[in-house]
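What follows is a single structure, written as C-alpha cells, with notes after it.
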Amino acid sequence: MALRLVFMGTPDFAVPTLDAIAGAGHKLTAVYTRPPRPAGRGMAEQASPIADAAERLGLPVFTPRTFREIGAADAMRAHHADAAVVVAYGLILPKEILDLFPLGCFNLHASLLPRWRGAAPIQRAVMAGDRETGVAVMKMEEGLDTGPVAIVDGKMAELVAIGPDATAGDLHDELARLGAGLMVRALAALEMGDLRVIPQPGTSVTYANKIEKAETRIDWRKAWNKVHDHCRGLSPFPGAWFEHSNAGRIKVLRTTKASGAGEPGRVLDDDLTVACGEGAIRLLELQRAGRQPMRAEEFLRGTPIPRGSTLR
C-alpha cells in the first residue's frame with residue numbers, strides 16, 4: 001500500500017525527488033514550498049521551482065511563511081500523512097510539526113553527515129577542497145541536521161567524487177539525481193517497515209553556514225588552490241568575483257591550476273593566468289553583470305584585460 005506523504009521543498013535541487021516520488025506511486029497529499037519572491041529585472045513575483053513542478057503534477061501547493069502561527073499544526077494534521085519528505089525547504093520545522101507524522105520526517109541532505117550540516121553543504125565541501133561528498137536520507141529531529149541517517153541498500157549515503165576542477169553547480173545536478181533515487185528506495189523500505197536508521201557519529205562534525213555576500217570577493221593573496229576552490233565552490237551562484245578598471249565587477253565561474261608567479265592579482269599572460277599568493281590559476285569562464293557566462297577567450301574579445309593589469 002502506498003504511503004501518504006507531504007513534500008516540502010523549494011529550489012531546483014528538490015524537483016527530481018518530487019518527480020521520483022510521484023512516479024513511484026505514493027499519495028502526495030500536499031506540497032509545501034516557500035512563497036513567491038520578486039525576481040528578474042522587473043522584480044515580478046516568481047513561484048519556486050517546486051511550486052511549478054507541483055502544478056505540473058496537479059498537486060495542491062501551500063506556501064506558509066512560518067509554522068509557528070496558530071493553526072499551522074492543525075492545517076498540517078488535516079493532510080493525514082504517514083510521513084513527510086523534506087528537500088532544501090528553507091523553513092524551520094518546529095517539534096510540533098515533526099511529531100505530526102507517525103512514520104517521521106525524512107530529509108534529503110547533500111553531504112556525508114555529520115560533515116557539512118547546515119544550509120550550504122555542496123558549496124562548503126568544494127570550498128574546503130574536499131575530494132568526496134554525497135547525499136543521505138536523515139530522519140529529522142529538532143537539532144540542525146542531527147538526526148539519525150537511513151541505511152539504504154546497506155549504505156549510509158550515495159557517494160560522489162569531487163573532481164579537481166568540478167564546481168558546486170556540477171555536483172548539484174549529480175547529487176539531485178542520485179538523491180531522488182535514494183529517497184525513493186528509502187520510502188520503499190519505510191513502507192515495508194524495513195527502514196533502519198543509525199545515529200550520526202559524534203565526531204567529525206562540521207557546519208555548512210549560509211554563504212554571505214561579504215565572503216564572495218576573491219582574495220588573490222591566498223594560495224592558488226584556495227582561490228581555485230573558492231571560485232568553483234561559489235559557481236554558478238552566488239559567484240566569486242573581482243573588479244577590473246575595464247569592466248567593473250566580474251564573476252569567475254571556472255578556473256584551473258596554471259604555471260606562473262607574481263604579485264597577487266596580476267594578470268601574467270594573454271590567457272588570463274592570474275598570480276596568487278602562491279602559484280597561479282587560469283580563468284576559464286567569466287560573467288559580467290546582466291550577461292551570459294562566457295569562455296575566457298570570448299570574454300576577452302569584448303572586454304580586454306591586458307597582461308600586467310591587476311585584478312582587485
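At a glance:
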item: Listing of strands (runs of 3 or more DSSP E) fully contained in the range 1-119 that carry 3 or more residues being modelled with pLDDT under 95 and surrounded by fewer than 22 Cβ atoms within 10 Å (Cβ to Cβ); result: 37-39, 44-46
item: Meets criteria (surrounded by fewer than 16 Cβ atoms within 10 Å (Cβ to Cβ) and within 22 Å of L3 (Cα to Cα)) for G193; result: yes
item: Identity of the residue in the range 120-135, part of a strand (DSSP E or B) and in contact with a helix residue (DSSP H, G or I) (Cβ under 6 Å, 6 or more places away or on another chain), that ends up farthest from R217 (Cα to Cα); result: V135
item: Among residues of the range 268-279, those that are over 17 Å from E298 (Cα atoms) and either open to solvent by less than 10 Å² (accessible area, probe 1.4 Å) or within 30 Å of the chain's Cα centre (by Cα) (or both), counted; result: 6
item: Yes/no for K210 being open to solvent by 100 Å² or more (accessible area, probe 1.4 Å), within 14 Å of R124 (Cα to Cα) and touching a Cys at 6+ places or on another chain (Cβ under 9 Å); result: no
item: Hits in the range 136-151 - residues which are out of contact with any His (no Cβ under 7 Å at 6 or more places or on another chain), open to solvent by less than 10 Å² (accessible area, probe 1.4 Å) and part of a strand (DSSP E or B); result: V137, V149, A150
item: Residue tally, condition of a type in the set (K, R) and in a loop (DSSP other than H, G, I, E, B), over the range 173-207; result: 0
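The values are calculated or read from the model by the stated rules, or taken from the named source; none is laboratory data. Predicted model, so just to flag it, every value in this text is computed and none were measured. Here the Cβ is made from the backbone with ideal geometry for all residues, glycine too, and neighbour counts use every protein chain on show. Ligands, DNA and RNA are stripped out before the accessible areas are found, and what is left, the full protein with its side chains, is counted by its heavy atoms. Shrake-Rupley method; radii C 1.70, N 1.55, O 1.52, S 1.80 Å.
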